[in-house]
Amino acid sequence: MNVSRTIESTFSDRQRETMTAIVLEENRTAAVLAIGTANPANCVLQDDFPDWYFRVTRSDHLATLKAKMKRICEKSGVRKRHFHHTEEMIGSHPEFLDRALPSLGARLRITDDAVPELAAAAAAKAIAEWGRPAADITHLVVSTNSGAGAPGPDLRLAALLGLRPTVQRTVLHLHGCSAGTAALRVAKDLAENGGGGGARVLVVSVDANVIGLRAPDEAHLDALVVNSIFGDGAGAVIVGAGPMVAAVERPVFHMVAAAQATLPGTERVAVMRAGESGLHYGLGTELPAMVRGSIERCLVEVVAPLGLAGGGGGGGGWNWNSFFWAMHPGGRAILDSYEAALGLGPEKLAASRHVLSEYGNVLGATVIFVLDELRRRRRGGGADCEWGVMVAVGPGITIETMVLRASGSRDEP
């Protein structure tokens, strides 16, 4: 790949010096070296979901709520989703359907096994693609919204994968949809600043939504929305910096810069709380509008210092269409907000919309699914821009961003 020619043809004179310096730094910059994803076997088509959900929760008598869920599902942009929980599992746990009964313990006993096993399935794919032994992993970062114990899923996952007893483990709990992006930010720091330049970090984001499954009722309409778009899944990424093992390791995306921003006064807009009856979600209807009003400012703060965007196109004079986008598809309204706020062409969020369609919102892991889809499209000849941005929104409201540079191919020297 001719990096100088790419810079020459894509960006203005005042950007070239900064960008070339970034390219020269990439031997010391963390990179995504491999990606793996996994989903449970139980799959429900979105068209069938309202009937399935109201049947398994014994709520068919709530005709008005069922009609409301059908409308939500029709507008969701989701085609199918995967779940660890099944009709048989729900039938054997009547406490899951009665908010007056304690059920958190039973839910956690299920996720104690489901989460590390699903995580291991995704991680095994990433390790196989990486091409080095699992024992060469120096750090493990796990993010999940589906556990509440110590030792946590990281220890079980390390055992399932055969990682060394000396692997350094970090767990992130309850970061919501931004969990995967936050874990990648942590991995970038570990890869660049730990292990004497040879650190290799396994990042896994995984969730099983049995932790928050509940029957519908008029007093908790948030649960209706959550159950209409959330699915189960795991995403895994190998992150490394420094010299690559020749003929084995190949960067997929260089992780150039990362940032986190919290919108003031939004603590109650998107919340997650564990209680006796499981995990409760609170999603304010103003969330898409808040994202639309703040996303460009957050992006400018991380992109502008790198000199990677200039005038022309997009909102506010920024040419956001000169980037590829790994946007977390929190929901169709969130993606529409990104598109409107940044003046993006419809093709820019095609990977995110595809992932939303095929898997729903799998919380933190979703952004890893999007990275995998972007990688697949580039390999298939649908290469977009060289530079891109990954974005996810979590409770807080917290906005995680990361600037990426895509490698030309897995064969790039």
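The values are calculated or read from the model by the stated rules, or taken from the named source; none is laboratory data. Given the structure is predicted, the values throughout are model-derived calculations rather than measurements. Every residue, glycine among them, receives a Cβ derived from its backbone with ideal geometry; neighbour counts consider all protein chains shown. In case anyone asks, the SASA skips ligands and DNA or RNA and just uses the protein heavy atoms, side chains included. Shrake-Rupley method; radii C 1.70, N 1.55, O 1.52, S 1.80 Å.
Tabulated data
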{"item": "Burial ranking of peptide ranges 45-53, 211-219, 176-184 (average Cβ count within 10 Å, highest at the top)", "result": "176-184, 211-219, 45-53"}
{"item": "Nearest-20 debye value, the chain charge dipole, Cβ charges on Lys, Arg, Asp, Glu", "result": "260"}
{"item": "Overall form of segment 53-116 per C-alpha gyration tensor (a/c, 1.5; a/b vs b/c)", "result": "oblate"}
{"item": "Pairwise centroid distance, computed over Cα atoms, of segment 254-277 with segment 93-170, Å", "result": "22"}
{"item": "Whole-angstrom Cα spans of segment 220-364 along principal axes, big to small", "result": "51, 41, 29"}
{"item": "Built amide H within the under 5 Å cut-off of GLY343, gap 5+", "result": "GLY315"}
{"item": "Contour minus Cα-Cα distance for CYS43 and ASP222 (0.36 nm per residue)", "result": "62.2 nm"}
{"item": "Angstrom value of the Kirkwood radius, inverse mean 1/r, which spans all Cα pairs in segment 123-246", "result": "15.7"}
{"item": "Accessible-area ranking of LYS75, LYS68, largest first, probe 1.4 Å", "result": "LYS75, LYS68"}
{"item": "Accessible area, probe 1.4 Å, largest first, for residues ARG99, ARG375, ARG79", "result": "ARG79, ARG99, ARG375"}
{"item": "Among PRO116, VAL32, LEU202 - extreme Cα towards positive end, dipole of the chain, charges at beta-carbon", "result": "VAL32"}
{"item": "Among beta bridges that DSSP assigns inside the chain, antiparallel share in %, nearest 5", "result": "70"}
{"item": "Among 202-209, 125-132, 230-237, the order from most to least packed when residues are scored by Cβ within 10 Å on average", "result": "202-209, 230-237, 125-132"}
{"item": "Cα coordinate range in segment 256-305, projected on the principal axes (Å, largest first)", "result": "46, 24, 15"}
{"item": "Burial ranking of peptide ranges 145-158, 254-267 (average Cβ count within 10 Å, highest at the top)", "result": "145-158, 254-267"}
{"item": "Vicinal HN-Hα couplings computed from phi for segment 163-168 (Karplus, 6.51 cos²θ - 1.76 cosθ + 1.60; Hz; Gly/Pro x)", "result": "6, 5, x, 8, 4, 8"}
{"item": "Candidate lysines for bridging to LYS80, where Cα separation is under 21 Å - those fewer than 8 sequence places away on the same chain excluded", "result": "LYS66, LYS68, LYS70"}
{"item": "At q = 0.34 Å⁻¹, base-10 log of I(q)/I(0) for segment 84-127 (Debye sum, equal scatterers on each alpha carbon)", "result": "-1.16"}
{"item": "Within the chain, helix-based [θ] at 222 nm, where runs of 4 or more DSSP H residues each add -39,500 (n - 2.57), nearest 500", "result": "-12000 deg cm²/dmol"}
{"item": "Long-range HN-HN contacts of THR29 with modeled amide H, under 5 Å", "result": "GLY242"}
{"item": "Theoretical gain in end-to-end length, ALA340 to THR64 [0.36 nm per residue, Cα-Cα removed]", "result": "96.1 nm"}
{"item": "Approximate shape of segment 328-397 as ellipsoid semi-axes (Cα gyration tensor, √5λ), whole Å, largest first", "result": "19, 15, 11"}
{"item": "Per residue convex hull volume, Cα atoms of the chain, in Å³", "result": "130"}
{"item": "If the convex hull is drawn through the Cα atoms of segment 201-306, its volume per residue in Å³", "result": "164"}
